Structures are given as structure tokens and as C-alpha cells.
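Notes follow the structure.
The values are calculated or read from the model by the stated rules, or taken from the named source; none is laboratory data. Bear in mind the structure is a predicted one, so any value in this text is a computation, not a measurement. Cβ sites come from the backbone with ideal geometry, for glycine too, and all protein chains shown count toward neighbours.
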Amino acid sequence: MPKASPELTASRKEEIVNACEKLYETMSFKEITIKDIGAVTSFTRTSIYNYYQTKEEIFLALMQREYERWAEEMNTLADTNEAMTAEEFAAALGHSLESHCQLLKLLAMNHYDMEENSRPERLTEFKVAYGASLDAVRGCVKKFFPAADCESFIFVFFPFLFGVYPYSVATEKQLSAMREAKMDFRMHSIYEIIHSCVLQLLGGTK
């Protein structure tokens, strides 16, 4: 990578991730190419390779940013509340993840391929952000519900997040297929799913 100031490097990486996020609103992961991402940045497509070597690295960076922002919200929740009931905490988590729909959408993707096609240093950066989100939620549970089995909460809740998006968002093609299959199925909002899960995990705790 050519020498550049840390500020310029951070700015360009942010622009690349922002471009990927914008495209991901209307295109699928498979459809998006580095050429597409380069077309909506202010610099040449080949310059992207100075920062990210694969499309998967860019998506991993997008998910890393989402985890960082969510962890910050959870840390703020712990810092600004002396106590919370299970209902209040479930509502707060539900609203928080509702505003991070992008994270839940990314979680529904194939992580194995995304991580396998990223360099070790990029993967390590991502794992740091993921670990921070675990610690942030863990901190909330320990503070607000000292009688709860915190590690069991984490063990169930974080894997659970991988399936939230498909149960809350469906394309017309998917909805049509479910109707044709005569499935007795109702889509639920992200808030409803998260709220219900948290209440069940915290059942009986004070």
C-alpha cells in the first residue's frame, strides 16, 4: 500500500464500506462486485485493493462497524441505568437491534466464506469488535440481573441473532412460496423476536 496518512487511510476505508452498505440496500451479496463498489467511490476501483483485497473483507469491515456501534450502545445502556427490569431490558435490546437491521442481515449470510476469504489481520480486527459486543451485553446482564446465568444468556442469545433477519424480513418471492406451500406462518418484527427471546432467557430473574 502506498504511504498515506492515517487520516486518509481511515477516510478511504470508511468511504469503501459506506459504498458497500449503500449497494447492499438494493443488491445481494452475490451481485455486488468490487467494480460496483469502486463505481460509487471518489477514487479508482484499483485503489480499493490498497485497503481491501476481497469483497468479503469489505463486508467483514461493514459488519465490524455494526458490531462496534451496537457495543457502544450497550455500554451506554449499562452506564446510564442503575437498574432495569427484564421488561425494560428486553425492550431496550429489541429497539437497539431494530435500529441495527443491517447487522442482522449480515449475520444471516455465510460467515464461513466471508471469514475464509479475508486476511488474518482483517479477521482479527473483526473478532475484536465481535468480542467487544459480547462483553457489552455481558456487562449489562451482570449489572442488571446478577442472579441470572450470564454465560448461558450469551451462549443462547448470540447464536439466536443469526436467525432473526430471515424470520422478520422476507421478499415477495419468499412470501409467495410460503403461501403456495400453505404454511401457517406469520412474519414478526425484529423488535418482537428480540423482546420475546430476552424475556424468556431472563424469566424469573430480578
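With the structure loaded, tell me whether Val137 is under 15 Å from the mean Cα position of the chain (by Cα) and either surrounded by 13 or more Cβ atoms within 10 Å (Cβ to Cβ) or not assigned by TED's automatic domain parsing to the domain that holds His95 (or both) or whether it fails that test.
Against the criterion (under 15 Å from the mean Cα position of the chain (by Cα) and either surrounded by 13 or more Cβ atoms within 10 Å (Cβ to Cβ) or not assigned by TED's automatic domain parsing to the domain that holds His95 (or both)), Val137 qualifies.
Going by the conditions given, is Ser118 surrounded by fewer than 14 Cβ atoms within 10 Å (Cβ to Cβ) and of a type in the set (Gly, Ala, Ser)?
no
Would you confirm whether any residue within the stretch 76-86 is farther than 17 Å from Leu123 by Cα, among the acidic types (Asp, Glu) and not assigned by TED's automatic domain parsing to the domain that holds Lys127?
no
Could you list, in sequence order, all residues of the stretch 184-202 that are farther than 18 Å from Asp149 by Cα and part of a loop (DSSP other than H, G, I, E, B)?
Correct list: Asp184, Phe185, Arg186, Met187, His188, Ser189.
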